[in-house]
There are 2 protein chains.
Amino acid sequence: MDARTQWDAGRSEEWADVTPDAARRLLTAAVQAFAERGYHATTTRDIAGRAGMSPAALYIHYRTKEELLYRISGIGHRLALGIVSRARDGGGDPAGRLSAAVQDFVRWHAEHHTTARVVQYELGALGEEHHAEIVALRRETDAAVRSIVEDGVAAGEFDVPDVRGTTRAVLSLCIDVARWFREDGKHTPGEVGELYADLALRMVGYAHK
Amino acid sequence: MDARTQWDAGRSEEWADVTPDAARRLLTAAVQAFAERGYHATTTRDIAGRAGMSPAALYIHYRTKEELLYRISGIGHRLALGIVSRARDGGGDPAGRLSAAVQDFVRWHAEHHTTARVVQYELGALGEEHHAEIVALRRETDAAVRSIVEDGVAAGEFDVPDVRGTTRAVLSLCIDVARWFREDGKHTPGEVGELYADLALRMVGYAHK
DNA sequence: GCCGAACCTGAGCAAGCGCTTAGGGGGAGT
DNA sequence: ACTCCCCCTAAGCGCTTGCTCAGGTTCGGC
């Protein structure tokens, strides 16, 4: 057993297919450091140190510090997009699909709030091209949730005067979980997910029961 | 007329009582720079340059770069607290007060999204003591909104299973406006405020009409 | 036993950072 | 006219930053 539990808050299967091992250690070290201090306040020496290597080792696996952020951001955004896509394509009525989307999306943001913090709040530090690529992924996520809301409106289940605005509000609510969630808080990620799924249904005017 | 409109996105009465003039110029320049690049990515040379001064001039009015952030954060948080406090102490039923609180809070975050971005997302860069002081202000804001929600529940107007969690969600929703709002977007600050006030009432289960 | 490839380190470079210091200019008071 | 004080700048100090490079270690295949 290595020192994994020290810096790896929670499971880390999300990085399972990053190879070789040293590259993965550097990546998870970077996630931790970026989440704690922010991208610009993190030094390459800090990242390398957390991974148990010399500063120079970083540049064997990544060309720049920004590439680390780009890789993290890419993996995180694709994971998030996968979560809402699965909910959109899942069976059931719009209310059930929206509920599942919010619940899973929120739970991911809470469980992996370290990663999520970097993914959601540090993308301004990306280079121009990388930034554009990531923004495209975000728009897909947005569209997936919006299509669920649109389905609900079309089916007469939801009462939403402003679909775009309300969809953004729901996503905004979920994303902000990464900012305030603490492990030592009163609620588990699952509980927050349930509460937020209910709040989302209320926001779209779903007349339940 | 100086170059004010260039860096001052929107009105700036919020800094009216910062004197002397040079200190205020530096402060607003810092707000702009921090909002664009983040605290750590902003250099003192950049701030001074935007204010039309040499780097050294900054240290006549502020002891450190961190003090600039502290001042900005203090003014911003006190303003935000004032907004929700006024709504809490205003007349009317809980629904009206919650609606007013959210509407004004959101409008401030949209109108002054530059300031709000710094206030809400850069407080991790504050020193320990300053951070604690600001966190105390945030807790007051939280408590103000929560007391409105509690009033609504006590009056039987609201249906809220988890008061703390729902209150945090409402505030979270409002705060996140500072992250995504753009001036060239489809909605004005007032429109976003109205939409969000309605969403907040839905979240607390207010049976309107 | 030798080779080449993969991986890593120690040392350090150029640039940029927050901040300091010595001194100049100009307006108000006398 | 002189002083005093406030506000400012030019220059630069000490340090840290992202990143580089020459060289060393380890390993499987022959």
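The values are calculated or read from the model by the stated rules, or taken from the named source; none is laboratory data. These numbers come from a predicted model, not from an experiment. Don't worry about glycine lacking a Cβ; one is built from the backbone with ideal geometry, like all the others, and counts go over all protein chains shown. Heavy atoms of the whole protein, side chains included, go into the accessibility calculation; ligands, DNA and RNA do not. Shrake-Rupley method; radii C 1.70, N 1.55, O 1.52, S 1.80 Å.
Please give the net charge around A:GLY92, taking every other residue with its beta carbon less than 14 angstrom from that of A:GLY92, where Lys and Arg add +1 and Asp and Glu add -1.
-2
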**OP:** Provide the net charge surrounding A:PRO55, with neighbours chosen by a C-beta distance below 13 Å and charges set as Lys +1, Arg +1, Asp -1, Glu -1.
**Re:** +2
Original post:
Considering only the label points, 7 Å along Cα→Cβ from Cα, what distances in nm to one decimal separate A:SER54 from the same position in each other copy, shortest first?
Top reply: 4.3
Original post:
What angle, in degrees between 0 and 90 and rounded to the nearest 10, separates the Cα long axis of helix B:189-203 from the longest principal axis of the Cα atoms of chain B?
Top reply: 40
Subject >> Between 0 and 90°, nearest 10: helix A:94-111 axis offset from chain A longest Cα axis >> reply: 20
Original post:
Okay, helix-only estimate at 222 nm for chain B: each DSSP H run of n ≥ 4 adds -39500 (n - 2.57), divide by all residues, round to 500 deg cm²/dmol; what do you get?
Top reply: -21500 deg cm²/dmol
Original post:
Label points 7 Å out from Cα along the Cβ direction at A:SER54 and A:ALA22: separation in nm?
Top reply: 1.1
Subject >> segment B:144-205: GluC sites (Glu not before Pro) in DSSP loop, at most 13 other beta carbons within 10 Å >> reply: B:GLU183
Subject >> Rounded to 10°, Cα long-axis angle of helix B:128-154 versus longest principal axis of chain B >> reply: 20
**OP:** List the residues of segment A:169-195 whose accessible area drops by at least 30 Å² when all protein chains are present, compared with their chain alone, using a 1.4 Å probe and counting only protein heavy atoms.
**Re:** A:ALA169, A:SER172, A:LEU173, A:ASP176, A:ARG179, A:TRP180, A:HIS187, A:LEU195
**OP:** At a temperature of 37 °C and a viscosity of 0.692 mPa s, determine how fast segment A:66-203 diffuses translationally according to Stokes-Einstein, using the Kirkwood radius over alpha-carbon pairs as Rh; express D in µm²/s, rounded to the nearest whole number.
**Re:** 216
Subject >> Over 16 Å [Cα-Cα, segment A:4-65], rounded percent >> reply: 39
Original post:
Looking at the protein assembly as shown from every direction and averaging, what is the projected area of its Cα convex hull in nm²?
Top reply: 22.4
**OP:** Report, for B:GLY127, each distance to the same residue's label point in the other copies, shortest first and in nm; define the point 7 Å along Cα→Cβ.
**Re:** 3.8
Original post:
If we hang a label 7 Å off Cα along the beta carbon direction at A:TRP180, how far is it from the matching labels on the other copies, in nm, shortest first?
Top reply: 1.7
**OP:** Compute the signed sum of charges (Lys and Arg +1, Asp and Glu -1) over the other residues within less than 11 Å, Cβ to Cβ, of B:ASP142.
**Re:** +4
Subject >> Cα centroid of segment B:148-201 to Cα centroid of segment A:35-66, whole Å >> reply: 39
Original post:
If you place +1 on the Cβ of every Lys and Arg, -1 on the Cβ of every Asp and Glu, and leave all else neutral, what size is the dipole of chain B about its Cα centre, to the nearest 20 Debye?
Top reply: 400
